[in-house]
Structures are given as structure tokens and as C-alpha cells.
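These notes are about the structure you will find just below.
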Amino acid sequence: MKARNTMMAAAIAGMMTWGIGCGSKPAAETAGNAVAPASAEAPGSPAAGSGAAGGSGAPVAAKADPVVKRIAPAPPPRPLVLDAGTSIKVRSTSTLSTKNNAAGDAFHGSLEAPLTVDGKVVAEKGAKVQGVVAESDPGGRVKGVAAISVRLTAIETAKGMVSVKTNAIGREARTTKRNDAVKVGIASGVGAAIGAIAGGGRGAAIGAGAGAGAGTGVVLATRGEAAVLPAETVLTFKLADDVAVK
């Protein structure tokens with residue numbers, strides 16, 4: 001009986017020990033299963049930037065500089081071209097004559113009408129023009145007449161003075177043949193009168209011939225009228241070559 005009680009007590013003690021063991025875990029296991037505290041991360045580490053990258057932990061790439069598009073400069077505008085043969089109306093601003101001017105002297109005027117190319121005004125009405133006396137011939141005696149001509153060398157445009165080449169425009173003096181005939185006739189009449197006084201009819205004839213010769217000599221010794229190009233004269237020139245206004 002005593003032995004039986006002893007065995008039962010041992011069994012009860014063993015069961016109690018087992019129950020206590022099942023209710024608690026070993027310290028090592030408990031320590032292993034414990035949640036480790038979050039460690040502090042150094043600033044600038046990849047993990048620190050994981051929030052900006054959606055928590056992936058991947059390093060954030062640096063932003064690329066914006067692409068600058070290079071725009072090629074616009075080509076320069078094409079020059080406006082006045083074609084050869086273009087008419088240029090000019091009003092002279094000073095008087096020129098074979099009496100006072102020689103070839104090479106300056107000629108000045110202004111545009112009487114604007115110059116345009118494709119609807120664009122190249123030179124305004126009233127723009128200055130420059131030129132030279134191309135020829136100044138006092139003329140022959142009796143048969144010849146004086147002549148003067150001018151041509152353009154430059155025109156004022158929106159881009160400044162532009163060199164040009166044009167034809168020459170001239171003026172001739174009025175013929176003096178009628179006046180010359182009158183001079184000879186007067187001289188003949190004076191000679192005839194003097195001859196008649198001196199020797200009658202025969203003397204009159206001789207005097208008339210002598211007077212005519214003297215009158216002719218006066219005409220031959222005197223040039224005809226000067227050729228004149230008055231101020232405010234409108235002249236129409238034509239371009240000899242193309243002119244590019246840049």
C-alpha cells in the first residue's frame with residue numbers, strides 16, 4: 001500500500017512538472033522570437049531615401065538637365081533688285097549749262113516718283129539722287145550747236161546711298177541759223193548803203209558783197225547759244241545694270 005501511494009505521488013509530481021514546462025518557453029527561444037528594435041539609419045544612406053522611391057530601397061537617380069533645343073538663325077532677307085531698264089524719274093535741283101559747266105561736274109536732283117520692287121518701296125519720292133555731267137560741248141560755229149548731258153551715279157534708299165549706272169540724258173542749244181542769217185543780211189545792207197554813197201550802183205553792189213563777208217565773219221567768230229538744263233527739269237533715266245538694294 002505504501003509503495004502504491006509513493007508511485008502515485010511521483011506520477012502526480014511528474015505531471016505537474018510537465019504542465020509547468022509546457023506553459024513557458026525556454027529563454028533562448030523567447031529571446032530569438034523577440035522583435036528587434038528598428039535600427040537608426042544614417043542620413044543619405046540608400047535606405048533613408050527608400051520612402052521617396054516607394055519603399056523599394058533603390059537609390060534615387062539624379063534629375064537630368066532639360067534638353068535645350070537650338071534654333072538655327074533665320075537666313076538674311078533677300079535683297080530687293082531693281083532690274084536693268086527700270087525707269088527713274090528725276091527732277092533736277094540746279095541749272096547746268098555748257099557755258100558754266102564741264103564734263104565731270106556734279107549733278108543733283110530728287111526722285112519724282114518712288115521706286116518699288118514687288119510692291120515694296122525701295123526709294124521714296126523726293127529721295128536724293130546724285131549724278132555727273134557726262135558731256136558739255138560748247139558746239140561748233142554756225143552749223144554746230146552746244147549740247148550738255150547728265151547721268152546718274154547714286155540714289156538714296158532706305159539702306160543708304162546705292163551706286164547706279166544709267167544712260168545719259170542731254171539737251172541741245174537752240175539753233176541760231178535764223179539769227180545768223182539776220183546778222184549777215186544786216187551787214188550786207190549796211191555795206192550796200194556805204195557802197196552806194198561812195199560809188200553809185202556799182203559801188204552799192206560791191207559794198208553789199210563786202211558787207212556780207214564781214215557779217216559772215218562775225219558769225220563765224222561767235223559761238224552759238226549755250227545748251228542749258230534748267231533747274232526743276234524732269235528727266236527720265238533708265239538703269240544700265242541690275243541694282244541690288246541690301
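Every number here is computed from the coordinates shown, using simple stated rules; none is lab data. Every value quoted in this text rests on a predicted model; they were computed, and no experiment measured them. Don't worry about glycine lacking a Cβ; one is built from the backbone with ideal geometry, like all the others, and counts go over all protein chains shown.
In nm, to one decimal, how far is the residue 68 label point from the residue 81 one, both placed 7 Å along Cα→Cβ?
About 3.9 nm, to one decimal.
Quick one: if the Förster radius is 30 Å, what FRET efficiency do residue 244 and residue 147 give, using the C-beta to C-beta distance and rounding to 0.05?
0.35
Amide H neighbours of residue 107 under 5 Å, counting only residues 5+ apart in sequence or on other chains, H built in-plane at 1.01 Å?
Those qualifying (amide H under 5 Å, at least 5 residues apart or on another chain) are 131, 132, 133.
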